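Working notes, beginning with the structure itself.
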Amino acid sequence: MRLHLNLADNYRRLGSFEAATEYINAAEAHTPSLPQAPYGDLSRAAVQEVAEAIAEQDRTQRTSAPGSAA
């Protein structure tokens with residue numbers, strides 16, 4: 001799931017929204033199997049955040065993305 005999420009976010013940042021959509025859909029397909037715990041909650045939130053950014057065709061870096069300066 002994380003690989004799909006990361007690829008979706010990378011394609012989104014590059015402006016390849018069609019490819020980003022394919023990968024975020026694959027990530028979303030795995031979210032029901034995530035645990036109801038902090039890791040699962042964080043992962044579901046990241047998938048939602050990237051999906052919204054793709055829908056808005058927003059190419060900016062997410063402040064919650066790993067490696068972001070907060």
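The values are calculated or read from the model by the stated rules, or taken from the named source; none is laboratory data. None of these values were measured; they are calculated from a predicted model. In this analysis, Cβ positions are derived from the backbone assuming ideal geometry, glycine residues included, and neighbour counts consider all displayed protein chains. Please note that ligands, DNA and RNA were not included when accessible areas were found on the heavy atoms of the full protein model with its side chains. Shrake-Rupley method; radii C 1.70, N 1.55, O 1.52, S 1.80 Å.
Tabulated data
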read-out: Matching residues in region 7-54 - criterion: being of a type in the set (Asp, Glu) and in contact with a Phe, Trp or Tyr (Cβ under 9 Å, 6 or more places away or on another chain); value: 9, 18, 22
read-out: In region 51-70, residue modelled with the lowest pLDDT [restricted to those that are open to solvent by 80 Å² or more (accessible area, probe 1.4 Å) and under 12 Å from the mean Cα position of the chain (by Cα)]; value: 66
read-out: Any hit, region 31-45, residues being under 12 Å from residue 9 (Cβ atoms), of a type outside the set (Phe, Trp, Tyr), open to solvent by 100 Å² or more (accessible area, probe 1.4 Å) and without any contact (Cβ under 8 Å) to a residue 12 or more places away in the chain; value: no
read-out: Unmet criterion (only one of (1) part of a helix (DSSP H, G or I); (2) loosely packed, with under 14 Cβ neighbours inside 10 Å; (3) in contact (Cβ under 8 Å) with a residue 40 or more places away in the chain) for residue 9; value: (2)
read-out: Conditions (1) open to solvent by 50 Å² or more (accessible area, probe 1.4 Å); (2) in contact (Cβ under 8 Å) with a residue 24 or more places away in the chain; (3) polar (S, T, N, Q); number of the one not met by residue 48; value: (2)
read-out: Test: residue in region 15-29 that is open to solvent by 70 Å² or more (accessible area, probe 1.4 Å) and in contact with a Ser or Thr (Cβ under 9 Å, 6 or more places away or on another chain); value: no
